[in-house]
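Below you'll find the structure, written out as C-alpha cells, and then a few comments.
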Amino acid sequence: MNLSNLRETSVLTRTTNTGITYARILSRIKQEPPFRGAFHHPSMVLDFGTGYGNGIPALETHYPTATIHAHDLVHPLEWRHSRGLLIDFLPEEPTYGLVLAIYVLNVLPLVDRLDAVMEIYDILLPGGIALFCVRPWHDDVSRTKQYDLTPERNGILTKHGNVDTFQKGYLPLELESELEWFFSKHPDVEVHALPRRDPSRGMTSYIHKKEVP
C-alpha cells in the first residue's frame, strides 16, 4: 500500500461548503476563554489548507482588522476572495498570531500530519494559537460506503476515479493526544482540547505557543 503521494491527492477531498463550517467554528471559539483576551485581535491570520478559500469571508467577519493569508497543501482552484491573500510559500520565520487548519489533518497520513503541524509551529508567533479541527470516526468517516483500510487506526482510502485519497476519523480526545505526542519535546507548547458539543461534528484542539523569556 503506497501512502507516499496522499498529500498531493488531498486536493480531491475539497468541498465547497466550508464557509458554513468556518462560521460555526469561529462563533464557537469566541466563547472560549483563550480566544477572548487582548490576543484575539491578531494582526496576521493564516488559513492553512484553504482549499477553495470559502472560509475567508468568515475570517474577514471575525477578524476585520487582520491581514488574512491563505495557503493550501496543493495549489487552490477557483480562488475568488479579494482580501484573502493567497500565498504559495510559507514564511521562513514566525509571522502569524492565529493559524487555522480546518479539516486538514484528517486528510493526511501520520507522517504528513506531523510535517504539517510542524510547519504551522514554525510560522506561529510566540503567544500565538493554532487551531485544528478534524472529522470524527463515529457518525462521520465510519459511514463511508466503500473504502480500503490502511495500517493507521481508522484511516481509510477512498477512490476518486483511479486515484486514492486518505481520510482518518478521530476518536474522542485522539487529536489532543496526537498533538501532545507531536510536541512532547517542545516545552514552549501547550495543547488543549475544546469541549465537543455536537458528537456528529468535528473535534477541535488548539496549541498555544508560549512566550519564552
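In which sequence would Asp148, Asp47 go, from the one with the fewest C-beta neighbours within 10 Å to the one with the most? Don't jump to the answer; show the numbers that get you there.
Numbers: Asp148 11, Asp47 28.
With the sparsest Cβ surroundings first, the list reads Asp148, Asp47.
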Quick calc of log₁₀ I(q)/I(0), the stretch 152-213, Debye, one scatterer on every Cα, no solvent, q values 0.17, 0.29 1/Å, result -0.73, -1.18
Whole-Hz Karplus couplings 3J(HN,Hα) for the stretch 117-123, θ = phi - 60° and coefficients 6.51, -1.76, 1.60, Gly and Pro as x, run 5, 6, 4, 5, 4, 5, 9
Note on the stretch 94-213: C-alpha Rg/Rh, Kirkwood Rh, two decimals, gives 1.00
In order over the stretch 99-104: 3J(HN,Hα) from phi, Karplus 6.51/-1.76/1.60, θ = phi - 60°, whole Hz, x for each Gly or Pro, gives 10, 10, 10, 9, 6, 10
Diffing the stretch 58-70: the Karplus 3J(HN,Hα) column from phi (6.51, -1.76, 1.60, θ = phi - 60°), in whole Hz with x for Gly and Pro, holds 5, 5, 4, 5, 7, 10, x, 9, 7, 7, 10, 10, 9
When the charge dipole of the stretch 64-213 is computed with +1 at the Cβ of Lys and Arg and -1 at the Cβ of Asp and Glu, the Cα pointing farthest to the positive end, of Leu175, Gly127, Tyr147, is that of Tyr147
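None of the figures in this text is laboratory data; all of them are computed from the coordinates on show. Since this is a predicted model, take the numbers as computed values, not measurements. Methodologically, a virtual Cβ is constructed for each residue, glycine included, from the backbone with ideal geometry; neighbour enumeration extends over all protein chains shown.
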